[in-house]
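Read through the structure below, which is laid out as structure tokens, and then see the notes.
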Amino acid sequence: MDKIIDHNYLRKNMIDKSFLLLTFILVFSSCKKKEHLIKVEGVRIEINDTTLDNSDVEAFIKPYKEHVNKTLDSTLAYAPETYSKRDGNLNTAIGNLMADIVLEQANPFFISKTKSAIDMVLLNQGGIRAPIPKGNVTARTAYQVMPFENSIIVVEMNGAHIKELISYLQKSRKAHPISGLKLTVNEDFNIVKALINDMEINEDKVYFVATNDYLYHGGSEMYFFKKAGKAHKLNYKIRNAMIDYFKKVDTIAPKIDDRFLQTN
């Protein structure tokens, strides 16, 4: 006698088994230990002269490298001498040039933004990282002299803050680049004369002093900038100001002058 198959029974049995299997999977999954990221470790891989070249990579970057080098090495101006930050005691030709560049290049931006002109500039001697060698001046020259991403910022400073700035220069006795400010000190570094735009400093006047964002935030211990108050960011890098200046002149001719002078 043939076995009679109860299709309803089979269907129910299959559903029951499927339900049990699904329940097992869910329970098993919920019992598994969850993994969490505990620590990320970095490894420094040094790339130097001993690193083997990859011909495919070299071939890929070659046109870009050639374009960058061509841009960096294109002649923008000419330097008749080599200019170094070690050339003077209280002011140097290269420092005077950099401060004058900031004043000249940033002023149009600042005037268009505020309707006021920059009165003076103060940078730091340590920010000059290389001399300008005699010969062709290029964009690479600017990158070597100013490799940092420092941008120009103009700070509103009253007479009291200007006095702090001058006191800083008296105590540091270094050739920090300045422009628009003229200082004369005696053999003890006491102030004989202090002028801004060839005029006596007015205690009640607000002066617009250009510097860079590093110094504004207290770099080189120039804390007087941050205390002064309102500041205007120009989003104009000092290095870019240098390149723009080099493009518009034929020959640079910076000089050591009397902007910071010591008398006997």
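Any read-out appearing in this document is the output of simple, stated calculations on the displayed coordinates, not a laboratory observation. Just so it is clear, the structure is predicted and the values come from calculations on it, not from any experiment. Methodologically, a virtual Cβ is constructed for each residue, glycine included, from the backbone with ideal geometry; neighbour enumeration extends over all protein chains shown.
Could you tell me what fraction of 2.2 N^0.38 Å the Cα radius of gyration of the range 164-215 comes to, as a two-decimal ratio? Numbers along the way, then the final one.
Details: Rg = 11.6 Å, N = 52, 2.2 N^0.38 = 9.9 Å.
Compared with the compact-globule rule of thumb, the range 164-215 sits at 1.17.
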statement: Listing His176, His217, His161 by rising number of other beta-carbon atoms within 10 angstrom, fewest first, gives His217, His161, His176
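Using a Förster distance of 45 Å, how high is the FRET efficiency between Asn69 and Ser112, based on the Cβ-Cβ distance and rounded to 0.05? Walk me through the intermediate numbers first.
Values: r = 35 Å, r/R0 = 0.77.
About 0.85, to the nearest 0.05.
If we count other beta carbons within 10 Å of each Cβ, what is the order of Met157, Met146, Met199, fewest first?
Listing Met157, Met146, Met199 from fewest to most nearby Cβ atoms yields Met199, Met146, Met157.
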- request: Mind sorting Ser84, Ser179 by how few other Cβ atoms lie within 10 Å of their own Cβ, fewest first?
  value: Ser84, Ser179
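What is the gain in length, in nm to one decimal, between Asn197 and Asn264 on full extension, counting 0.36 nm per residue of separation less the C-alpha to C-alpha distance? Show your work: numbers first, answer last.
Working: separation 67, 0.36 × 67 = 24.12 nm, distance 2.44 nm.
Result for the pair: 21.7 nm of gain on full extension.
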- prompt: Of the GluC sites (Glu not before Pro) in the range 122-202, which ones lie in a loop per DSSP and count no more than 15 other C-beta atoms within 10 Å?
  reply: Glu149, Glu187
query: Taking 0.36 nm per residue of separation and subtracting the Cα-Cα distance, what length does fully extending Ala231 through Tyr78 add?
result: 51.6 nm
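Can you work out D for the range 69-255 in µm² s⁻¹ from Stokes-Einstein, where Rh is the Kirkwood radius over C-alpha pairs, the temperature is 20 °C and the viscosity is 1.002 mPa s?
On the way: Rh = 16.8 Å.
Diffusion coefficient, whole number: 127 µm²/s.
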message: Taking 0.36 nm per residue of sequence separation and subtracting the Cα-Cα distance, how much length would be gained by fully extending the chain between Asn54 and Gln170, in nm to one decimal?
response: 36.3 nm
